Amino acid sequence: MRAHSFIRLQAIFAAICISVAAYAQNFTITPVPEEVAERMRGVSLPDGAQISLSELRLLTVSYFDFDGNIQTGQIVSNASVARDLLQIFHELYLARYQIASIRLIDDFGGSDDRSMEANNTSCFNYRLVPGTCKLSNHSMGVAIDINPVQNPFVTSRFTVPEEGKKYVDRSLKMPHMIDHDDLCFKLFKAHGFTWGGDWKNSKDYQHFEKKP
Ligand SMILES: [Zn+2]
């Protein structure tokens, strides 16, 4: 074997090792560790919530931000959808799908409004559906919101977040807007999730959910 072929083989082998290590290191599911539970109590997980920490999981995922840089994000979800979400976010990562931010909603004081304004992707939050007295599926950790600014929640009465008003017209097809051709939509659908953009009355373009 000539020297340069050997060096090339070594480089390929190193690249494979790095990609395997990256998957192992940056795509994980664990029980919610105590330091994360501390952040959640009284914020995304209020006293009297009808769900326990043992039903939830912490996911750590790598993703590409809007500048194309690799970031590490955290997601708390129901254990029943944790494997789906890990696979979906890994596929999104491999496709270099851009996500603005993936932080726990507790970093925003449990405020869905503040998280949406920051264009943050998040899953578990024990809260009501905006503008209603109904418990959201986010309360069970089976719903997730992706890039909320480009994919706002639109009803006949309001649009949130405020910045999302620029993206109500879905025919604009601007970057990061989710539609039926979007990889995000395709992956969530393949894993049995439904999309809020398909709802009849209000449209929640950021929202995917999988009921147990
Ligand atoms: Zn949602």
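In table form, for the structure just shown:
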| quantity | calculated |
| --- | --- |
| Positive-end extreme of charge dipole, the stretch 21-209 - chosen from 76, 191, 63 (charges on Cβ) | 191 |
| Axial C-alpha extent at least 24 Å, average Kyte-Doolittle at least -1.0 - helices from the chain (DSSP) | 3-26 |
| The stretch 21-209: projected area of the alpha-carbon convex hull, averaged over directions, in nm² | 10.3 nm² |
| Unsatisfied cross-links (Cα-Cα over 25 Å) in the set 134/173; 134/211; 173/211; 165/211; 166/200 | 134/173; 173/211; 165/211 |
| The chain: relative contact order as a whole-number percent, Cα under 8 Å and 6+ apart | 15 percent |
| Low-density loop cleavage sites - chymotrypsin sites (Phe, Trp or Tyr not before Pro) in the stretch 149-212, where at most 15 other Cβ are within 10 Å (DSSP) | 158, 199 |
| Sequence-distant aspartates and glutamates (8 or more away, or on other chains) whose Cα lies within less than 12 Å of residue 186 | 91 |
| C-alpha center-to-center spacing [the stretch 115-140, the stretch 160-196] in angstrom | 17 Å |
| Within the stretch 116-212, trypsin sites (Lys or Arg not before Pro) in DSSP loop having at most 11 other beta-carbon neighbours inside 10 Å | 134, 157, 173, 200 |
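All of the numbers you see were taken from the coordinates with simple rules; none came from a lab. Note that the coordinates shown come from a computational prediction; the quantities given were computed from them, not determined experimentally. Backbone-built Cβ (ideal geometry, glycine too); neighbour counts: all protein chains shown.
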